[in-house]
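Written out below as C-alpha cells is the structure these notes cover.
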Amino acid sequence: MENKPIVEIKDLYVEFHSDDAIVHAVNGVNLTIREGETLGLVGETGAGKTTIARAILGIIAKPQGHITSGEILFDGEDILKYPEKEMRDLRGNQIAMIFQDPMTALNPIERVGDQIEEAIGLHNKITHADAIERAMQMLELVGIPRERYFEYPHQFSGGMKQRVVIAMALACNPKLLLADEPTTALDVTIQAQVLKMMKELKEKLNTAVLMITHDLGVVASICQKVAVIYAGEIVEYGTLEQIFDHPTHPYTIGLFGSLPKLDSTEKRLKPIKGMMPDPTLEIQGCKFAERCEHATEACRAKKPEIYTTQDGHQIRCVLAGKENA
Amino acid sequence: MSAPLLEVRNLKKYFKTGRGMLHAVDDVNFTIDEGKTLGVVGESGCGKSTLGRTILHLLDATDGQILYKGKDITNPTRKELSALRHEMQIIFQDPFSSLNPRKSVSETIMEPMKLSHTMKKQEMIDRTRELMETVGLAERFWGTYPHELDGGRRQRIGIARALALGPRFIVCDEPVSALDVSIQAQILNLMLDLQEDRKLTYMFVTHDLSVVKYISDDILVMYLGQVVEKAHSDELFKNTLHPYSKALLSAIPVPDIHANNELVTMTGEITSPINPKPGCRFMARCPYASDKCNEPQKIEEILPNHFVSCCKCREINHL
C-alpha cells in the first residue's frame, strides 16, 4: 500500500499577466506527493517548476500572478481557499521552502540563529529561551556548531548558509518541504555533502519533499518518484526506476541524450532541437511537437491524453503504449 | 610531434589583499598542442578562471612565462598585444553580463573587427553574416538586442564574437554552465564542430566534470591555485590518483540509478588562498593526510604522462 497523500495538486492553472500578454506558466498540472516520499520535479528554466512550489505555498507574485483554476489539497483540505491568516499558520510550519540561492535567502543584518528562532517562536507556544535552545539544536542537526548561532550570514560560506536555510525550513518539523534547486548554487563537493545530509534528515524526520531541480543526477541520488515538466505540463511521471530505466516521453529521452556521461565514449551529444515554446502563445496540441522528431499532425491538433501503464507510469504522448510499450 | 601551440611555465598570479597575498594561480605548468582541448577543472576559487585570463593578458602575470607558438608573450608591447588578440580569444561564462545591452547582435559581433582596423565595412558585414550562420543565429536577429534573446542564443553571440578575428586559440570560461541541459548540449556540439572545421585549440575551464570529459583531450585538476593532477582525459577518469580528484569525481551526482558510486567523504570546505602554508593545500580536507604533507608537494609523473602532486599518491593507490 502506498502512503497517504500529503499534497494533491489537481488540474492547476497559473497565469501571469503583463501589459500586453498572458504568460501561461502552469497548464493543468496534477501531482500527488505522499508521506515520507521525495518527488523530483525536473525541467528546464521557465518550465513552471518554481511556480508550482510557490502556488502550494500561496506566494505567487501578486497582482500579476493568478491561479485561474485547480485545487491544492493539503492533508485533504483545499488550501487555495484558505484566507491569508490560515495560510500564514501553515507556511514555515507545516509547509516549508528552501530557496535556490542561499546568498539571498538570509537576512544579512540578523544573526543566523535568530532567523531560525523566529520561525520556531512564531509557530509554537514556547518561551523565547526554549525557542533559542531549539534553534541551536537545529543548527547542530545540520552540522553547524551551536556557538555559531550568534554570527551573521556573511561569516558563513555558501554551503554553510544553505545548511542554515535548511535548518530554518525544518525547524517546525514540516510535513512537506519544498526544495527549489537547493544545491544548484553550490560546488559539487559541497552539493554532495548537502544532499547526503538532506537524505539523512528526511529519513529521520519522515518529511515529504518536493525536490525541484534541472539536474537528473540530483534526482537519481535523492528521489523516489519523478515528474518531468515541460512548458507548464507534466509530460511524464513515474518511479525512479520507470523514468531512468524506461524513459518514454520524447522530451525525457531528449533530456537524457543531452547529458554528457562520465562512463561513455560517445563523440557527440544528441541535443533536443530548438527551444521551449513562447509561454504567451496558446498551443492547441502537444507543446513539445515543434521539437519532437516523431511528431505527426495528430500531435499538433490536440493535446495528448495521459497514457498510464499497468504499474502507474504516466506519459503524456500519443505514441505512448503504441509502438514500444 | 608538433610543437605545442601554447606553453605555460611556472605561471603565478597573486592578488594583494588587506590580509595578505592571495595565491590565485601558483606555479602552473602545462602545454596545449594545436587543435586539442585542455580541460581545466576545479571548484569555485581554485584559480581556473584567473589562469585563463592571465594567459590572455586580461590580467598581468605575477611571475612565470607564457609561450605562444614558441614565442615568449609574457610581457607583450601594445602592438604585440593587439596582434595577439587576433590569435587568442575568450568566450565568457555568463551570456547575460558579457554582452553590451546597448549593442545589437551584429554590432557586438562586428566590434572586434572594427577595433582591429584591418577590414573594410562591406567585408565586416559579410563576415558578420557568415559568422551568424556558422553559430546558428538566424539573420532576422541582425538588429536584435541581447535582452530579447534567451541564454543559448546569447552564448552563440559570444561565440561568434570570439571567432570574429579568426583566432587559433580560445579560452572557454564555463561557456555552458549558465545554460539548460538541452541548450548546453547544442552549444557543446557547436563548439566541437567549430573546432573540427577551423582546427581551433581550446582551453576549456569548467567545474562540470562530465562536460570536461566530453570535450577535453587532456585535463588539469586544480585546487587552490595549484595543479594537483594532470593527465589524458580517459586516463584521468580511469585511473584517478589524487585524493582531491577522487573526491571531486565521486561527488558528481550521476544520472544513472544503477551506478554504484561510493561517496569519498571530504570534510570541510575549501581553505583560504591567502598566504597559504607551504605544504599540501588539500591537506585539511584529505582523508589520507599525515605529517609528510606539511612539506611542499612536487608534481611527479606517477604513470606515463600522468602527473600528480601528492607525496602519498603511490601509497594510496598501491603503485
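What follows is calculated from the coordinates using simple rules that are stated; it is not laboratory data. Remember, it's a predicted structure, so these values are computed and weren't measured experimentally. All Cβ positions, glycine included, derive from the backbone under ideal geometry; neighbour counts span all protein chains shown.
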- Towards the positive end of the charge dipole of region A:89-195, with charges on Cβ (+1 Lys, Arg; -1 Asp, Glu), say which of A:GLY121, A:PHE150, A:THR104 has the farthest Cα. A:GLY121
- Item | Ranked by how many other beta carbons lie within 10 Å on average, peptides B:121-129, A:282-290 from highest | A:282-290, B:121-129
- Message: Between region B:22-45 and region A:11-34, what is the separation of their alpha carbon centroids in Å?
- Response: 45
- Relative contact order for region A:57-149 using alpha-carbon pairs under 8 Å, separation at least 6, rounded to a whole percent? 19
- Quotient of C-alpha Rg and 2.2 N^0.38 Å, computed over chain A: 1.04
- Message: Let me check against my output: what whole-number percent is the relative contact order of chain B, with C-alpha pairs under 8 Å and at least 6 apart?
- Response: 21
- Note on the structure: One finds the C-alpha centres of region B:178-248 and region A:82-136 to be spaced, in Å, by 42
- Task: Please work out the Kirkwood hydrodynamic radius for chain B, using every pair of different C-alpha atoms, and report it in angstroms with one decimal place.
- Result: 20.8
- Could you size up the charge dipole of the protein assembly as shown around its Cα centre, putting +1 on the beta carbon of Lys and Arg and -1 on that of Asp and Glu, and report it in debye to the nearest 20? 1540
- Message: I'd like to know which of B:CYS286, B:LEU249, B:SER44 lies farthest towards the positive end of the charge dipole of chain B, counting +1 on Cβ of Lys and Arg and -1 on Cβ of Asp and Glu.
- Response: B:SER44
- Message: Among B:PRO304, B:PRO276, B:PRO146, which one shows the highest mean-square fluctuation when chain B is modelled as a Gaussian network with alpha-carbon springs under 10 Å?
- Response: B:PRO304
- Message: Between A:ASP311 and A:LYS204, what is the label-point separation in nm under the 7 Å Cα-to-beta-carbon projection?
- Response: 3.3
- Message: Check which residues have an amide H placed less than 5 Å from B:GLU300's amide H, if you skip close sequence neighbours.
- Response: B:VAL308, B:SER309, B:CYS310
- Query: Counting only residues 5 or more places away or on other chains, whose amide H sits under 5 Å from the amide H of A:ARG34 once H atoms are built in the peptide plane?
  - Reply: A:ILE6
- Item | Spin-label model distance (nm) - A:LEU122 vs B:GLU235, 7 Å beyond Cα toward Cβ | 5.7
- Note on the structure: region A:238-325: relative contact order from alpha carbon pairs under 8 Å, six or more residues apart, as a whole percent, is 25
- Message: Show me the ranking of peptides A:207-217, B:5-15 by mean Cβ neighbours inside 10 Å, starting with the highest.
- Response: A:207-217, B:5-15
- Item | Residue-span extension gain [B:SER272 to B:HIS147] - 0.36 nm each, minus C-alpha spacing | 41.3 nm
